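Reading through the structure tokens given below for one structure.
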Amino acid sequence: MDLKPPFRKIIHVDMDAFYASVEQLDNPELRNKPLAVGGSSVRGVVSAASYEARKFGVRSAMSGVLARKKCPHLIFVKPRFSRYKEISSKIRQIFYDYTDLVEPLSLDEAYLDVTENKKGNTSASLIAQEIRDRIWDELELRASAGISINKFIAKVASDINKPNGQKTINPEEVISFLEELSVTKFYGVGKVTAAKMHNNGIFNGSDLKQKSLEELVTLFGKSGNHYYNIVRGIHLSEVKPNRVRKSIAAERTFIENLSSEIFMLDKLKTIAEELENRMEKLNAKGKTITLKIKYSDFTQQTRSKTLSYFVQKQNEFFPVIEELLLQEDLKNSVRLLGISFSNLNTETKKPIWVQLQFEF
């Protein structure tokens with residue numbers, strides 16, 4: 001089966017040494033030092049290791065005693081999962097600024113489907129770069145990313161330029177990339193399976209591709225069908241969001257700052273039209289309307305009003321937007337305007353899949 005367009009655009013974002021990086025962020029004395037999150041006792045286990053510690057061979061899931069032997073000056077800190085969850089939530093809010101199709105895998109990684117996205121950006125690679133830049137600018141943490149046509153390849157790609165890097169596998173590059181890839185790099189192939197593959201002459205994707213479906217099923221059972229497909233770039237698993245939709249929004253950043261409220265109202269009408277389209281598509285209505293204003297000095301302000309009834313149409317809610325804009329003087333010229341609905345009459349619906357082909 002050959003790969004044929006249209007293709008989805010999937011990003012896998014993976015935080016770099018997340019737990020350890022949060023500890024170094026919160027305690028400057030730990031920065032640039034070998035650090036392990038976990039226990040150093042006989043029964044202690046390393047939950048995460050900073051990149052300074054990894055240079056000595058310290059890895060997650062390693063015993064604390066062995067980690068100490070590899071790096072005698074290793075610093076151990078106890079994990080603070082409430083703090084990691086707090087930071088993870090902020091990272092996900094960044095993701096949701098781009099798409100509602102976010103599938104968290106853990107506190108420090110997630111898949112995003114940006115085939116259609118809130119920014120209208122046709123480049124998944126640029127979106128990934130922007131997300132990574134925002135994570136650094138807003139949280140001072142580093143992230144890596146992989147970008148490709150499905151979750152499997154995006155996951156593999158995110159490891160290639162770690163730390164603090166990203167890798168895009170374009171549709172036309174998928175097959176050759178997989179053929180050259182070591183089977184030890186295939187997501188889901190552990191040490192035991194890799195050894196079995198090596199014993200059967202399978203060292204890379206090209207070797208794997210030479211095996212028939214029947215041979216792979218005989219060797220690996222049901223997993224054989226999976227290996228047969230993934231080496232051909234076939235992985236149909238969708239990004240499955242588990243987030244209840246609490247708001248629907250649309251916003252625009254302007255090339256030139258706006259200083260006239262007349263011009264702002266004109267821009268807000270365009271934004272309102274887009275928001276109405278999104279509301280109709282999701283069959284949603286809302287009671288709370290929020291106007292978001294970001295000024296030229298990057299300060300941000302929101303103004304909200306809650307109605308006693310649900311609205312969806314622009315002619316119903318735009319008078320409220322005008323009221324919110326004019327209710328007080330603006331503090332500065334404006335670089336971004338946005339409108340959002342919350343207090344909705346509906347939860348997340350099953351996503352409507354529209355397949356489009358864009359450049360990566």
Taking region 275-295 and the residues there that are part of a strand (DSSP E or B) and not hydrophobic (A, V, I, L, M, F, W, C), the one that is surrounded by the most Cβ atoms within 10 Å (Cβ to Cβ) would be Gly286
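Would it be correct to say that Ser82 is over 29 Å from Asn32 (Cα atoms), surrounded by fewer than 21 Cβ atoms within 10 Å (Cβ to Cβ) and either among the polar types (S, T, N, Q) or under 10 Å from the mean Cα position of the chain (by Cα) (or both)?
Values: over 29 Å from Asn32 (Cα atoms): no; surrounded by fewer than 21 Cβ atoms within 10 Å (Cβ to Cβ): yes; either among the polar types (S, T, N, Q) or under 10 Å from the mean Cα position of the chain (by Cα) (or both): yes.
Considered against the rule, which asks whether it is over 29 Å from Asn32 (Cα atoms), surrounded by fewer than 21 Cβ atoms within 10 Å (Cβ to Cβ) and either among the polar types (S, T, N, Q) or under 10 Å from the mean Cα position of the chain (by Cα) (or both), Ser82 comes out as no.
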Can you pull out the residues in region 69-79 that are outside any loop (DSSP other than H, G, I, E, B) and either surrounded by 19 or more Cβ atoms within 10 Å (Cβ to Cβ) or touching a strand residue (DSSP E or B) at 6+ places or on another chain (Cβ under 8 Å) (or both)? Ile75, Phe76, Val77
Under the condition of being assigned to a helix (DSSP H, G or I) and small (Gly, Ala, Ser), which residue from region 192-213 is farthest from the chain's Cα centre (by Cα)? Ala195
Residues (part of a loop (DSSP other than H, G, I, E, B) and either in contact with an Asp or Glu (Cβ under 7 Å, 6 or more places away or on another chain) or of a type in the set (Asp, Glu) (or both)) located in region 10-40: Asp16, Asn32, Lys33, Pro34
Checking Thr115, Thr122 in turn, the sole residue that is surrounded by fewer than 18 Cβ atoms within 10 Å (Cβ to Cβ), touching a residue at least 40 places away in the same chain (Cβ under 8 Å) and either touching a Pro at 6+ places or on another chain (Cβ under 9 Å) or not assigned by TED's automatic domain parsing to the domain that holds Glu274 (or both) turns out to be Thr122
Check off (1) within 30 Å of Arg335 (Cα to Cα); (2) out of contact with any helix residue (DSSP H, G or I) (no Cβ under 9 Å at 6 or more places or on another chain); (3) crowded, with 16+ Cβ neighbours inside 10 Å; (4) not small (Gly, Ala, Ser) for Lys246 and give me the number that stays unchecked. (3)
Which one is nearest to the chain's Cα centre (by Cα) among residues in region 214-247 that are among the aliphatic types (A, V, I, L, M) and at pLDDT 90 or above? Val239
What number of residues within region 251-274 satisfy the criterion of being touching a helix residue (DSSP H, G or I) at 6+ places or on another chain (Cβ under 8 Å) and assigned to a strand (DSSP E or B)? 4
Tell me whether region 290-303 contains one or more residues that are under 11 Å from Phe341 (Cβ atoms) and either in contact with a Pro (Cβ under 9 Å, 6 or more places away or on another chain) or not small (Gly, Ala, Ser) (or both). yes
Options Lys209, Lys191; residue that is out of contact with any helix residue (DSSP H, G or I) (no Cβ under 6 Å at 6 or more places or on another chain), closer than 23 Å to Lys151 by Cβ, of a type in the set (Lys, Arg) and surrounded by 14 or more Cβ atoms within 10 Å (Cβ to Cβ): Lys209
Which condition number does Val58 fail, the rest of (1) surrounded by 20 or more Cβ atoms within 10 Å (Cβ to Cβ); (2) within 17 Å of Leu141 (Cα to Cα); (3) over 22 Å from the mean Cα position of the chain (by Cα) being met? (2)
When (1) touching a Leu at 6+ places or on another chain (Cβ under 8 Å); (2) outside the structural domain of Glu328 (by TED's automatic domain parsing) are applied to Glu251, the one that fails is (2)
When you go through (1) of a type in the set (A, V, I, L, M); (2) outside any helix (DSSP H, G or I); (3) over 30 Å from Ile135 (Cβ atoms); (4) in contact (Cβ under 8 Å) with a residue 40 or more places away in the chain one by one for Ile175, which number turns out not to apply? (2)
Scanning region 66-106 residue by residue, the ones that are hydrophobic (A, V, I, L, M, F, W, C) and farther than 24 Å from Gly44 by Cβ total 6
If I filter region 157-169 down to residues being among the polar types (S, T, N, Q) and surrounded by 15 or more Cβ atoms within 10 Å (Cβ to Cβ), which single residue comes out as nearest to Ala128 (Cα to Cα)? Gln166
Checking Asp137 against (1) outside any strand (DSSP E or B); (2) buried (at least 21 other Cβ atoms within 10 Å of the Cβ), the condition it does not meet: (2)
Go through Leu236, Leu208 for me and flag whichever is touching a residue at least 12 places away in the same chain (Cβ under 8 Å), within 30 Å of Leu282 (Cβ to Cβ) and aliphatic (A, V, I, L, M). Leu236
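The values are calculated or read from the model by the stated rules, or taken from the named source; none is laboratory data. Worth saying up front: this structure is predicted, and the values here are computed from it rather than measured. Note: ideal-geometry Cβ built from the backbone for every residue, glycine included; neighbour counts use all protein chains shown.
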